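The values are calculated or read from the model by the stated rules, or taken from the named source; none is laboratory data. Keep in mind that this is a model prediction, so the values were computed, not measured. A quick note on method: Cβ atoms are made from the backbone with ideal geometry, for glycine too, and the neighbour counts reach across all protein chains shown.
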Ligand SMILES: [Fe+2]
């Protein structure tokens, strides 16, 4: 037995994870009992800080905490940041003041608040930093990412350290947010089918969808591990469609690889591992992309009620987890990991 003693949150491959990053349906029931309302004092501070941020007219990537001071709310912000970065790996806040401002000011106030959780990161090749998530009638596929349509999304992670959604409007039907704990998935594989771990730790190539220049390879030449330890911290990086889309491009999967991926999918599909939440207007969700996978059920807009969220990606250099991920597949030039430690990835020659 390994005698190394790890502080809570530290990860040693081959050992079960036993801390608050392991959770399931029963820990976060669908009754909003665990949702954190944004305190009135923070709403006041947002309101006071907004005119100066508007006047500064900054690009979202340049907004820093100094541009949007929220001093009285430091304790609340730190507690939420701890939830996201350490455990459980996510947070759901309610009562963001979406009704107080027009769309532009709502998006700006949201961006200013989120700058306290990380630098606002680029999300796609066309250079968007603040992305509207709504049904634009596009399906999920090798040439399209899921936030353009209304179909159910398979469980996956986004790019950068964390992803955040602010709900402006719900659809009359569907569109529930589902999340699973990466450490819980790891523990299940370790306990029930550890023979799959070697190929999952070796990882997979990922299709780059439409997030590439025409001359760039269609999929990553390097493999990204599904489970990895960087700086003694657990990372999950899993987007099954991006792996599967490499098949038609010539990537061959061994029977062991397919069996391992299917087993991971079967664990993710267990109802007891999934936490389900209906995002309401003013809800603000933050997910750690290296700890939590997310999904969204299909939804149907109404004539006068169209689902609308604003999405931000947060790059947090101080995060405990800064391993390889989706950012590296789509925007390698913006990936801090590839710049500094890409040599750890098989097939990466940068
Ligand atoms: Fe996503």
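Scanning region 153-177 for residues that are modelled with pLDDT of 80 or more and assigned to a loop (DSSP other than H, G, I, E, B), we see that the one that is farthest from the ligand (Cβ to nearest atom) is 170. What are the residue pairs meeting all of these: first residue in region 155-169, first residue closer than 21 Å to residue 112 by Cα, second residue part of a loop (DSSP other than H, G, I, E, B) and within 9 Å of the ligand (Cβ to nearest atom), Cβ atoms under 8 Å, and 6 or more apart or on different chains? Matching pairs, first to second residue: 158/289; 159/289; 160/289; 161/289; 162/289; 163/157; 163/289.
Here 226, 251 are screened, and the one residue that is more than 27 Å from residue 97 (Cα to Cα) and in contact with a helix residue (DSSP H, G or I) (Cβ under 8 Å, 6 or more places away or on another chain) is 226. Condition first: under 22 Å from residue 179 (Cα atoms), within 15 Å of the ligand (Cβ to nearest atom) and within 19 Å of the chain's Cα centre (by Cα). Can you find one or more residues in region 257-267 that meet it? So far as region 257-267 goes, no, none of its residues is under 22 Å from residue 179 (Cα atoms), within 15 Å of the ligand (Cβ to nearest atom) and within 19 Å of the chain's Cα centre (by Cα). Entry remark, region 40-62: residues being closer than 28 Å to residue 289 by Cα and out of contact with any helix residue (DSSP H, G or I) (no Cβ under 6 Å at 6 or more places or on another chain) number 5 in total.
Does residue 68 satisfy the criteria of being crowded, with 17+ Cβ neighbours inside 10 Å, farther than 20 Å from residue 275 by Cβ and out of contact with any helix residue (DSSP H, G or I) (no Cβ under 7 Å at 6 or more places or on another chain)? It is false that residue 68 is crowded, with 17+ Cβ neighbours inside 10 Å, farther than 20 Å from residue 275 by Cβ and out of contact with any helix residue (DSSP H, G or I) (no Cβ under 7 Å at 6 or more places or on another chain).
In this structure, does residue 187 turn out to be at pLDDT 80 or above, away from the ligand (no atom under 15 Å from the Cβ) and within 21 Å of residue 330 (Cα to Cα)? For residue 187, the condition - at pLDDT 80 or above, away from the ligand (no atom under 15 Å from the Cβ) and within 21 Å of residue 330 (Cα to Cα) - is not met. Residue check: residue 209 meets all listed conditions (1) within 16 Å of the ligand (Cβ to nearest atom); (2) at pLDDT 95 or above; (3) outside any strand (DSSP E or B) but one, namely (2). Looking across 65, 111, one residue alone is at pLDDT 95 or above and in contact with a strand residue (DSSP E or B) (Cβ under 7 Å, 6 or more places away or on another chain). It is 111.
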